[in-house]
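Shown next, in structure tokens, is the structure this report addresses.
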Amino acid sequence: MQINVSARHGHLSPVSQEKIVAKVSRLQRYFNQITSLNVTVDFANTSLPAVEIIASAEHFHELVSHESSANLWRSIDGAVQKLEQQLRKHKEKVRDHKHAESTRRA
């Protein structure tokens, strides 16, 4: 899985980038077919840093989550949490769909 971290209108230190990669890499637990994660931190409004995470997966459309708050780490945690919910929901739909097909045939 590829993880790209970038910043707009500002700069992220290497330590911050490593922490972001560590937080975002946990998402593979929820859906193991994720091929890449693109994390963009936007510092256009310095009091409200915005975080956008785009997850690309095999045979599935891209999942996107946005979050902005007064603290950078809260923004990252919020965006990761939103993406976790989307991944859980998708995985549940896939499981339920397969289960429904097997019960119809029986």
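The values are calculated or read from the model by the stated rules, or taken from the named source; none is laboratory data. Computed from a prediction, not measured in an experiment: that's the story for all the values here. Don't worry about glycine lacking a Cβ; one is built from the backbone with ideal geometry, like all the others, and counts go over all protein chains shown.
Where residues in the stretch 27-66 are farther than 13 Å from Ala79 by Cα and part of a helix (DSSP H, G or I), which of them is nearest to the chain's Cα centre (by Cα)?
Once the filter is applied, the top-ranked residue is Gln28.
Filtering the stretch 13-36 down to residues that are among the hydrophobic types (A, V, I, L, M, F, W, C) and touching a strand residue (DSSP E or B) at 6+ places or on another chain (Cβ under 6 Å), which residue is farthest from His59 (Cα to Cα)?
Ile20
If the Cβ limit is 7 Å and pairs must be 6+ apart or interchain, which residue in the stretch 84-106 that is of a type in the set (D, E, K, R) and modelled with pLDDT of 75 or more pairs with which residue that is exposed (fewer than 10 other Cβ atoms within 10 Å of the Cβ) and in a helix (DSSP H, G or I)?
If the second residue must be exposed (fewer than 10 other Cβ atoms within 10 Å of the Cβ) and in a helix (DSSP H, G or I), no pairs are left.
Within the stretch 6-31, take every residue that is of a type in the set (D, E, K, R) and surrounded by 13 or more Cβ atoms within 10 Å (Cβ to Cβ) and give me the one that is nearest to Leu87 (Cα to Cα). Full working, then the answer.
First, the residues of the stretch 6-31 that are of a type in the set (D, E, K, R): 8, 18-19, 23, 26, 29.
Now narrow it down to the ones that are surrounded by 13 or more Cβ atoms within 10 Å (Cβ to Cβ): 19, 23.
Details: Lys19: 21, Lys23: 15 Å.
The extreme case among them is Lys23.
So which residues in the stretch 31-66 are under 20 Å from His90 (Cα atoms) and touching a His at 6+ places or on another chain (Cβ under 9 Å)? Don't jump to the end; show me each part of the working.
Keep residues of the stretch 31-66 that are under 20 Å from His90 (Cα atoms), which gives 31-38, 52-66.
The answer is Phe31, Gln33, Glu52, Ile53, Ala57, Phe60, Leu63.
Of the numbered conditions (1) out of contact with any Gly (no Cβ under 8 Å at 6 or more places or on another chain); (2) modelled with pLDDT of 95 or more, Arg26 satisfies every one except a single condition; which is it?
So Arg26 meets the others, but not (2).
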